[in-house]
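Written out below as structure tokens is the structure these notes cover.
The values are calculated or read from the model by the stated rules, or taken from the named source; none is laboratory data. From a predicted model like this one, the values you see are computed outputs, not experimental measurements. Here the Cβ is made from the backbone with ideal geometry for all residues, glycine too, and neighbour counts use every protein chain on show. For accessibility, only protein heavy atoms count, side chains too; no ligands or nucleic acids. Shrake-Rupley method; radii C 1.70, N 1.55, O 1.52, S 1.80 Å.
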Amino acid sequence: MRVLSVPELCCPNCVAKIEEALKDSVVKHFEVSLENKTVSVCDCDTCQETAQEILKDLGFDSERIS
């Protein structure tokens, strides 16, 4: 899994918004962690790029941390 840091992730509503957007995308395997302020996606460039585009569209900055 590739892990994206999402510092603005601050509440369950943010998690739900991100999960809903990712469910409707090509990203099929993901995990959103409010506690860690991260979004983990399957280990491929396409999924990472798509997830980061979705996060940006939702107003969240993200950076790959692993």
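Here are the numbers for this structure:
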read-out: For the chain, accessible area per residue (1.4 Å probe, heavy atoms of protein chains only), Å²; value: 61
read-out: Summed side-chain charge close to VAL6 - residues other than VAL6 whose Cβ falls under 14 Å, Lys, Arg +1, Asp, Glu -1; value: -3
read-out: Amide H contacts of THR38 (H built 1.01 Å from N, under 5 Å, at least 5 apart or other chain); value: VAL6, SER33
read-out: With every protein chain in place, the chain: carbon and sulfur % of accessible area (1.4 Å); value: 46
read-out: Whole-Hz couplings from phi, Karplus 6.51/-1.76/1.60, listed for the range 43-49; x for Gly and Pro; value: 7, 9, 4, 4, 5, 4, 4
read-out: Computed label-point distance, nm, for sites CYS42 and CYS10 using a 7 Å Cα→Cβ extension; value: 3.3
read-out: Integer Hz, Karplus 6.51/-1.76/1.60 couplings in order for the range 7-18, x for Gly and Pro; value: x, 7, 5, 10, 7, x, 5, 4, 4, 4, 4, 5
